[in-house]
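For reference, the structure is listed below as structure tokens.
Computed from the coordinates by the stated procedures, all read-outs in this text should not be read as laboratory data. Just so it is clear, the model here is predicted, and its values are computed rather than measured. When we count neighbours, we look across all protein chains shown, and the Cβ atoms used for this are built from the backbone with ideal geometry, even at glycine.
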Amino acid sequence: MVCAAASHVQCCDLPDMQMSAKLLSALPFEWAQYQFMQMALTGIVILAPLFAILGCLVISNQMAFFADAIGHSALTGIALGVLAGLHEPLWAMLVFAVMLAAAIAWLRHKQLAPADAVIGLVMSGTVALGIVLLSRQGGFHRYARYLVGDILTIAPADVRRVGALALGVVLLLAWQYNRIVLVILHRPLAASRGVCVWRTELLFTVLIAVSVTLSIAWMGLLVINSLLILPAAAARNLARSAAAYVLWAVAISLTSGIGGVIASYYLSSATGATIVLCALLLFGVSVVVRR
Amino acid sequence: MSGECATGARREMAVPASRVACGACCTMVEQLGVRIHGRTILENINLHVHCGELLTIIGPNGAGKTTLLRALINELPHSGRLRFSAIRDGRSVAQAVIGYVPQKLDIDRSMPVTVMELFAAAAGRRPVFFGVSRRVRETAIHNLEAVEAGQLADRPLGRLSGGELQRVMLALALAPKPDILLLDEPLASVDHAGVAAFYRTVAAVRAQRDMAVIMVSHNLAEAARIATRMVFLNRTIVCEGAPAEVLAHPLVQATFGTSAWRVEAT
């Protein structure tokens, strides 16, 4: 049972965590009393809006496949972190993902090779390299949690660290949002408005890499991409303006995130995958509503 | 006002007298060249355009017409440079505001964005999902009305017809007021009524706002009718001058046929 793994979570000692914990424990549900559920819900409320906004741009820019590749490359990042003897592979993953994102953005910019082919090569290459490095001494199972994710074991310190990074990404994204929209709509048009297309794409690519990497340990690299794509795809079915598009995506992402965490408690299932199924359900609803 | 501008003006004595020139600004393209993957697309392009002029660029397919415009807006890496000088509010200005109307059809129509949000995205950094400020809204409406498209302000981009989208792109290119307006075959897929409305608008804004217009065109008759000057481009500038002169040039006739442009005119 996944929930049992959460027993090691230490006490809330941070004031902001105490607040969200108090609010949740006031709810008349069994799950609301457990600290691991409180942390998981806080975590998902931080990540869901970030993924929704990013997703709105990702699916408009043929970047979905790229985001998937970044998720998979996290395995190599973890392996490099382990090789370097780091206790926590997050930083190694971040550095590796950012470097990879920059490399892919550069190849795209130079039009040196068809983007899909490059991304496909990078994806299979990094996954294979990651598995080889991590399984070398036996004991690959220790890293299996990165494949399916484990949001129920996150500690308050994790939530805080990821929350700070996520806030930074959202602020950068809001600052660059209009420029990214112009580049997506029409690159020459963006260039004529004084937007440096290459720099904007590089920043956007790096922001995707950071966001995906941040949440790998929580969501699992097998399903992380769906969390990016599904809420935005559903929102497209419902929205006619850019404002409504983002609002719908955030609402759908939050609903499926919170719903998925609670459902996984009752089903004792892996949380990331349960969230994705909730998002898929909402996507189905959006298709029906559009008709 | 630099010395080159005066020289340029002398060189272009053949330009029709109908052109409206403020005489205070000029755009010079110097030694522009573009190479992509080791292949030369454009080389040795020298152009000199005054405000009030309407320069049309004609040439065979693959001549580099679109590439030239994309180099001028700095989207493509290129050699050479674009120099601009003007006197604005009594001060000399070296940075041109460029308006650009792309070819139709290659805009991402599947993304939910309204016309108004497109203006807001181009106007500043306030994220479009926070709504459109009143200032941006008023400017956008004003510019849309100037191109007979005021009623399109809140329509999603994906639901505009070809002609409507082109007029919206023109309105966008006019905000803020450009010194140079670049039009890349803006009417390739627009219906007849749309073409007339578009040219009416271009003529009106050129007269009112005193800007240089550079337009790539496939329609020789139309290009000749509205241009003050014409350039025949084929990897480099083959010839330039008054439209009638350019169309009479042997190389132009060899490319398009001796009577091609008259046939298209009917």
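Worth pointing out:
- For A:His72, B:His37, B:His218, order by how many other beta-carbon atoms lie within 10 Å, fewest first: B:His37, B:His218, A:His72
- Hydrophobic, long helices, defined as DSSP H runs whose alpha-carbon span along the helix axis is 18 Å or greater and whose mean Kyte-Doolittle value is at least -0.5, occur in chain A at A:35-58, A:64-83, A:90-110, A:115-135, A:156-185, A:197-219, A:224-238, A:242-267, A:271-290.
- Mean separation of Cα pairs under 8 Å and 6 or more residues apart, divided by the residue count, gives chain A a relative contact order of 29 percent.
- Three-way shape call for segment A:104-188 based on the alpha-carbon gyration tensor, with the a/c threshold at 1.5: oblate
- Taking other Cβ atoms within 10 Å as a rough exposure proxy, A:Cys196, B:Cys25 sort from fewest to most as A:Cys196, B:Cys25.
- Residue-by-residue Karplus 3J(HN,Hα) for segment B:225-233, coefficients 6.51, -1.76, 1.60, Hz, glycine and proline x: 5, 9, 7, 8, 8, 9, 10, 9, 10
- Rel. contact order, % - alpha carbon contacts under 8 angstrom, at least six apart, segment A:217-258: 35 percent
- Placing R0 at 22 angstrom, the Cβ-Cβ distance between A:Trp175 and B:Ser133 gives a FRET efficiency of 0.85 after rounding to 0.05.
- Restricting the trypsin sites (Lys or Arg not before Pro) of segment A:90-195 to loop positions (DSSP other than H, G, I, E, B) with no more than 16 neighbouring Cβ atoms within 10 Å leaves A:Arg136.
- Alpha carbon centroid spacing (whole Å) that separates segment B:75-119 from segment B:24-62: 16 Å
- Cα gyration tensor shape of segment B:29-116, rounded if a/c is under 1.5, else prolate or oblate by comparing a/b with b/c: oblate
- Gyration tensor verdict on segment A:150-291 (Cα atoms; rounded if a/c is under 1.5, prolate if a/b is larger than b/c, oblate otherwise): oblate
- Residues A:Ser269, A:Ser256, A:Ser264, B:Ser85, arranged from fewest to most other Cβ atoms within 10 angstrom of their Cβ, appear as A:Ser269, B:Ser85, A:Ser264, A:Ser256.
- Within the protein assembly as shown, percent of DSSP bridges classed antiparallel, to nearest 5: 60 percent
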